[in-house]
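This report concerns only the one structure given below.
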Amino acid sequence: MRILFITASRIGDAVLSTGLLAHLADRYPQARFTVACGAVAAPLFAAAPFVERVIPLVKRKRAGHWRDLWKQTVLTPWSLVVDLRGSAMGWLVPTLRRRIIRSSWTPQHRLCHLAGVLDLAAPAAPRLWADDAQRTEAARLIPDGTPVLAVGPTANWGGKQWPAERFVEAVRRLTAEGGMLPGARVAVFASADERDRARPVVESVPSERVIYLTGGVSLPTAYACLQRCAFYLGNDSGLMHMAAAAGIPTLGLFGPSSEVFYGPWGDRAASARGPRSFEDICHAPDFNHRSQDSLMLDLDVETVVDAATSLWGRCRA
């Protein structure tokens, strides 16, 4: 049995789709899976032991990436094609069965929308993978010892990025004597091209307590690192969804994106925002989606520290 699974380009959406893929692997343990996804998300699926092939979709003009995918898949006798992009590919590749997502504006979490593709009674929680070598590397990067606060101070758009100086203050308070994680080490996660934006947080932590994970770390290794952390604090991003999938308490910070649709998933996760709703921000007359200025200035440090402390207490209880 061969299954073609077409999923997202961005890391966050790709992570959210992994639960559906894992469900299929559990249901069809003898199946051979091919995953088509964005190049940046490809390592997430390459780490899955049941995935035979990953086809990175590198965007080309005139939908050339879809033609490339069609050429690589049209001659394979597929048993099932699952298309979470709602593209024409789901119809153009011959298969015994096909499941293709349909657009929906129902105010529900993305995982509920994905569950409908396979008629699942409940959402399939994200599930990620790492091999022995990646877990060994994670143990080298984050050795056993004092608890670790993981921080994701960047995002793929400046509007979704809480100001760095507020992350600095929140981390200081959470790791101070009498704080949630007194004396904790701090692991700062960011991609290679986000190093400058993460630098203020890195430089604010004493050198003996900071773990600098910015660039050069594969996504499965980053996932294994997150599993070794005690708590995650960060903006709405793919890393936030990876932290929630790792099972650690995860607090996502929201502004011009919706936690109703994209909040971190699970009973060990929570979201925080300022007094303005997603609609207040994005429907404002002066809203500019091209601007890289933060749209989260109404979210103060006190609110974030209180939300983190509340989530930590709930998880410990």
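Report the chymotrypsin sites (Phe, Trp or Tyr not before Pro) located in the range 61-125 that are in a DSSP loop and have at most 15 other Cβ atoms inside 10 Å of their Cβ, or state none.
Values: sites: Trp66, Trp70, Trp78, Trp91, Trp105; in loops: Trp105.
Sites meeting the loop and neighbour criteria: Trp105.
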Next item on the list: Pop a pseudo-label 7 angstrom from the Cα along the beta-carbon direction at both Arg67 and Ser104 and give the gap in nm to one decimal.
Entry: 3.4 nm
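Treat every Asp and Glu Cβ in the chain as -1 and every Lys and Arg Cβ as +1, leave all other atoms uncharged, and give the resulting dipole magnitude about the Cα centre to the nearest 20 debye. Walk me through the numbers on the way to the answer.
Working: 36 positive and 29 negative charges, 287 e Å.
So the dipole magnitude of the chain works out to roughly 1380 debye.
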Notebook entry, point to check: Taking the chain as a Gaussian network, where each spring joins two C-alpha atoms under 10 Å apart, which residue of Gly19, Gly86, Gly252 fluctuates the most?
Noted result: Gly86
Item checked: Residue among Thr303, Thr34, Thr18 with the largest mean-square fluctuation in a Gaussian network model of the chain, springs linking Cα atoms under 10 Å -> Thr303
Margin query: If amide hydrogens are placed 1.01 Å from N in the peptide plane, which non-local residues have theirs closer than 5 Å to the one on Ile211?
Written below: Val186, Ala187, Val188
Check: Where both partners of a DSSP beta bridge lie in the chain, what percent of those bridges are antiparallel, to the nearest 5?
Finding: 0 percent
Check: Using θ = phi - 60° and the Karplus curve 6.51 cos²θ - 1.76 cosθ + 1.60, what whole-Hz ³J(HN,Hα) does each residue of the range 124-137 get, with Gly and Pro shown as x?
Finding: 8, 4, x, 9, 10, 9, 8, 8, 4, 5, 5, 5, 5, 5
Next item on the list: Mind pulling the angle between the C-alpha long axis of helix 164-175 and the longest principal axis of the chain? Nearest 10 degrees, somewhere in 0 to 90.
Entry: 70 degrees
Margin query: Just to check I understand the Karplus step: with θ = phi - 60° and J = 6.51 cos²θ - 1.76 cosθ + 1.60, what whole-Hz values come out for the range 73-88, glycine and proline as x?
Written below: 10, 5, 8, 8, x, 7, 8, 8, 10, 10, 10, 8, 9, x, 8, 6
Note to self: I need the shape label for the range 1-99. Rule: rounded when a/c is under 1.5, else prolate if a/b > b/c, else oblate, with a, b, c from the alpha carbon gyration tensor.
What the structure shows: oblate
Check: With point charges of +1 on the Cβ of Lys and Arg and -1 on the Cβ of Asp and Glu, referenced to the Cα centre of the range 133-316, which listed residue (Ser257, Leu239, Gly216) lies farthest in the positive direction of the dipole?
Finding: Gly216
Note to self: Quick one: 3J(HN,Hα) in Hz for the range 209-220, Karplus 6.51/-1.76/1.60 with θ = phi - 60°, rounded, Gly and Pro as x.
What the structure shows: 10, 9, 10, 9, 10, 10, x, x, 10, 5, 4, x
Next item on the list: Place a +1 charge on the Cβ of each Lys and Arg in the range 213-291 and a -1 charge on the Cβ of each Asp and Glu, then give the dipole magnitude about the Cα centre in debye, rounded to the nearest 20.
Entry: 260 debye
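Name the GluC sites (Glu not before Pro) in the range 136-229 that are in a loop by DSSP and that have at most 13 other C-beta atoms within 10 Å, would you?
Values: sites: Glu137, Glu165, Glu169, Glu177, Glu194, Glu203, Glu208; in loops: Glu177, Glu208.
Sparse-neighbourhood loop GluC sites (Glu not before Pro): Glu177, Glu208.
Hey, got a sec? Which trypsin sites (Lys or Arg not before Pro) in the range 239-277 land in a DSSP loop and have at most 14 other Cβ atoms within 10 Å?
none
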Next item on the list: Work from the charge dipole of the chain (Cβ charges, +1 for Lys and Arg, -1 for Asp and Glu, about the Cα centre) and give the residue of Pro29, Val171, Gly145 farthest towards its positive end.
Entry: Pro29
Check: Looking only at Ala14, Ala42, Ala284, which one moves most when the chain is put into a Gaussian network model with springs between Cα atoms under 10 Å?
Finding: Ala284
Checklist line | Label-point gap, in nm, between Asp306 and Trp91 - each point 7 angstrom along Cα→Cβ | finding: 5.1 nm
Note to self: For the chain, take the longest principal axis of its alpha carbons; what is the angle in degrees between that and the long axis of helix 195-204, to the nearest 10 within 0 to 90?
What the structure shows: 30 degrees
Next item on the list: Identify which of the listed values of Kirkwood radius over Cα pairs in Å was calculated from the structure shown: (i) 21.0; (ii) 20.5; (iii) 19.5.
Entry: (ii)
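If each residue of separation counts as 0.36 nm, what is the full-extension length gain between Arg209 and Arg140 once their alpha-carbon separation is subtracted?
Working: separation 69, 0.36 × 69 = 24.84 nm, distance 1.50 nm.
Extra length available between Arg209 and Arg140 comes to 23.3 nm.
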Item checked: Under 5 Å, built H, 5+ apart or other chain: amide partners of Gly234 -> Gly152, Leu251, Leu253
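Every number in this text was worked out from the coordinates using simple rules, so none of it is lab data. Bear in mind that the values here come from a model prediction, so they are computed numbers and not experimental data. With ideal geometry, Cβ positions are generated from the backbone for all residues, glycine too; neighbour counts draw on all protein chains shown.
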